[in-house]
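Taken together, the values in this text are just the output of simple stated rules run on the coordinates, not laboratory data. Keep in mind the model is a prediction, meaning the values are calculated, not measured. Positions of Cβ are backbone-derived with ideal geometry, glycine not excepted, and every protein chain shown enters the neighbour counts.
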Amino acid sequence: MPARLPSWAWVTGLTTGAIAVVAVLGVQADQGTRPTASTSRPSTPATADAKPSAEPKEKEKEKGADASAVPADSGTGRRIVYSLDTQQVWLVDASDAPRRSFEVWPGTVAPDPGTYTIGTRTEATTGSDGVDIEHIVYFAAKSGVSIAFSNAVDGSSPPPAEGRLTGGIRVPKADGEALWTFGTTGTTVRVVE
C-alpha cells in the first residue's frame with residue numbers, strides 16, 4: 001500500500017502550482033500593457049546590439065546632470081521615473097520629492113517614452129539572460145519582450161548577452177528591494193528620454 005502524503009504537502013503543492021500559473025498569466029497579460037499617454041517623439045527601436053554603459057554616473061557628470069533632480073518632464077505625484085538617457089531611476093513621493101534615486105543597467109529592449117502602470121510583480125525567477133533575479137516589477141512590453149525592473153540575486157550587474165532581446169532593467173540589490181517596496185501593483189512608471 002503506497003504511503004499517503006500529509007495534508008500540508010498537498011496544500012504546499014497546490015499553492016506552489018497556483019502561484020506559478022498566476023505568474024505566467026500575469027506576464028502574458030502584461031505583454032498587452034501599452035502607454036497611457038502618447039508622445040510625439042519617435043520611438044526608440046529595439047536592438048539586440050545596444051550595450052549598457054559600464055558607468056552610467058559618468059554619462060551624467062559629462063552632461064552636468066544633477067542625479068538627485070527628478071526630470072522636469074516626468075509628470076507629477078507618486079511615481080517611478082526612468083530616464084533612458086541617463087540610465088537613472090527616481091522613486092518620487094506624492095509631494096513630488098525624490099525619496100531615492102539610483103543608476104540602472106538596461107537590457108537591450110528599451111520601453112518607449114510614456115506613462116505606464118505596474119501590472120505584475122514576481123518575487124524571484126531566472127531572467128531571460130540566465131541570471132537568477134528577484135524583485136521583478138513588470139510595467140511594459142515591446143517587440144514581444146516584457147520590460148521590468150529587477151535585481152540579480154547575487155547583486156551583480158552584468159551586461160546583457162549580445163544577440164538577445166532582453167527587457168530586464170537591472171538595479172543594485174539594495175535599490176531593488178526599495179523599488180519592490182515602493183512599486184506596488186498600479187504604481188505609475190514614467191519613462192522619459
Quick check: residue separation of E193 and S95 times 0.36 nm, minus the Cα distance between them. What number comes out in nm?
33.0 nm
Please name whichever of Y138, L179, P159 sits farthest to the positive end of the charge dipole of the stretch 120-193, dipole taken about the Cα centre and charges placed at Cβ: Lys and Arg +1, Asp and Glu -1.
Y138
